[in-house]
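The structure appears below as structure tokens.
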Amino acid sequence: FCLSKGLGAPMGAVLVGDQEFIRLARRARKKLGGGMRQAGVMAAMGMYALENHVQRLAEDHERAKRLASGLHDMGFWLPRGGKVDTNVVFFGLPEDSKIKKEELPHLLFEKYGVKIAGGYSSGGKLFRLVTHMDVDDEGVEKAIEGIASLCVN
């Protein structure tokens with residue numbers, strides 16, 4: 001799993017498996033040139049994130065659920081009927097959106113300071129919102145308000 005998303009580490013991932021799986025993974029890494037200098041510094045950052053930020057992941061997941069619920073209630077399309085299990089929310093614009101999908105990322109950042117990624121799924125119809133340690137309750141409300149204001153209100 002990735003340490004740089006919800007846990008706030010600058011980079012890093014953890015690979016988990018039995019002894020043989022790890023042996024093969026290390027071998028593949030070496031074949032692909034995956035050696036790093038100063039790996040201990042990166043490992044220390046990852047350890048700090050694991051020791052200090054895991055408990056707060058539940059907050060990110062709750063905020064993501066609030067984002068999904070707020071968008072779903074306003075007519076935005078969400079996969080799985082809006083069910084969200086992690087800190088990532090995908091959504092699509094309503095059929096009668098006031099703006100085109102290509103306009104949303106730029107306008108949302110320009111007018112509300114909210115960064116959003118687009119172009120997901122076949123046809124690039126989905127957007128992705130990610131909650132993390134730098135997104136608080138106010139940020140969630142700002143995102144919902146901004147998206148709604150630009151697209152449906």
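The values are calculated or read from the model by the stated rules, or taken from the named source; none is laboratory data. Since we're looking at a predicted model, the values are computed, not measured. With ideal geometry, Cβ positions are generated from the backbone for all residues, glycine too; neighbour counts draw on all protein chains shown. Remember, those area values only see protein heavy atoms, side chains included, never the ligands or the DNA or RNA. Shrake-Rupley method; radii C 1.70, N 1.55, O 1.52, S 1.80 Å.
Quick notes
- C-alpha center-to-center spacing [segment 79-118, segment 61-76] in angstrom: 11 Å
- Percentage relative contact order, the chain, counting C-alpha pairs under 8 Å, at least six apart: 23 percent
- Charged side chains reduced to their Cβ positions (Lys and Arg at +1, Asp and Glu at -1) give the chain a dipole of some 1000 debye around its Cα centre.
- Answer label, with volume of the Cα convex hull per residue in Å³ calculated from the coordinates and candidates (i) 157; (ii) 133; (iii) 119: (i)
- Percent accessible area from carbon and sulfur atoms, the chain, protein chains only, probe 1.4 Å: 55 percent
- Under-5 Å amide H pairs with Gly119, H placed in peptide plane, nonlocal only: Leu126
- Surface analysis of the chain yields an accessible area of 65 Å² per residue, using protein heavy atoms and a 1.4 Å probe.
- The local environment of Asp136, defined by Cβ-Cβ distances under 13 Å, has a net charge of -3 under the rule Lys, Arg +1 and Asp, Glu -1.
- Cross-link reach list, aspartates and glutamates versus Lys30, counting only Cα pairs under 20 Å and skipping chain neighbours closer than eight places: Asp18, Glu20
- Excluding same-chain neighbours fewer than eight residues apart, the lysines reachable from Lys65 by a Cα-Cα span under 26 Å are Lys5, Lys83, Lys98, Lys100, Lys101, Lys111, Lys115, Lys125, Lys142.
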